[in-house]
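Reading through the structure tokens given below for one structure.
The values are calculated or read from the model by the stated rules, or taken from the named source; none is laboratory data. All figures in this text were calculated on a predicted structure; none of them were measured in a lab. Here the Cβ is made from the backbone with ideal geometry for all residues, glycine too, and neighbour counts use every protein chain on show. All accessible areas refer to the heavy atoms of the entire protein, side chains included, with ligands and DNA or RNA removed. Shrake-Rupley method; radii C 1.70, N 1.55, O 1.52, S 1.80 Å.
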Amino acid sequence: MFVKTGDTVKVIAGKDRGTTGKVIKALPKFNKVVVEGVAIMKKHQKPNAENPNGAILEIEAAINASNVQVLDKNGVAGRVGYKEVDGKKVRFNKKSGEVLD
């Protein structure tokens, strides 16, 4: 998967299109990512010791990795490519040519 935890990404499809955020969690098995502040959903929590009346929590849901593009240091969104630099495989932004790792 081309996205890693900690990457800054731009959402290119869906209701949050145009939003940028940091990847909190990458789920390569399902090809999904959880992005900070994107795909907010409400979760109803039953009463417990912490919240005797229960609560409605707002949490980020996972979105498909194909709906995001990785931003480089200059904020340019582009597809990710791989190349070898000094014997190491690194990711780079195909639009700007800048190395991401």
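Once you place label points 7 Å from the Cα toward the Cβ at residue 99 and residue 83, how far apart are they in nm?
Placing both labels 7 Å beyond Cα along the Cβ direction yields 1.0 nm.
What relative contact order, as a whole-number percentage, does the chain give when Cα pairs under 8 Å and 6 or more residues apart are counted?
Once normalised by length, the contact order is 22 percent.
I'd like the FRET efficiency for residue 13 and residue 41, computed as 1/(1 + (r/R0)^6) with the beta carbon distance as r and R0 of 22 Å, rounded to 0.05.
For R0 = 22 Å, the calculated efficiency reads 0.80.
Could you check how much of the accessible area of the range 11-86 is carbon and sulfur, as a whole percent, using a 1.4 Å probe?
49 percent
For the range 50-101, state which GluC sites (Glu not before Pro) are in a DSSP loop and have at most 11 other beta carbons lying within 10 Å of their beta carbon.
Answer in residue order: 50.
With 19 Å as the limit, write out which pairs from 10/32; 73/94; 4/43 have Cα-Cα distances beyond it, or answer none.
4/43
Ignoring ligands and nucleic acids, what accessible area does residue 101 show with a 1.4 Å probe (Å², nearest 10)?
Roughly 90 Å² of residue 101 is accessible to a 1.4 Å probe.
Express the accessible area of the chain per residue in Å², computed with a 1.4 Å probe while the remaining protein chains stay in the model.
68 Å²
How do 85, 23 rank by accessible surface area computed with a 1.4 Å probe, from largest to smallest?
Final ranking, largest accessible area leading: 85, 23.
Magnitude of the Cβ-charge dipole of the chain, K/R +1 and D/E -1, about the Cα centre, nearest 20 debye?
Dipole about the Cα centre, nearest 20: 320 debye.
What spacing in nm lies between the two simple spin-label points modelled at residue 59 and residue 73, each 7 Å away from Cα in the Cβ direction?
The two pseudo-label positions are separated by 3.6 nm.
Would you indicate which of (1) 32, 15, 12; (2) 29, 16, 10; (3) 33, 14, 11 is the value of semi-axes √(5λ) of the Cα gyration tensor in Å derived from the coordinates of this structure?
Correct label, based on the coordinates given: (3).
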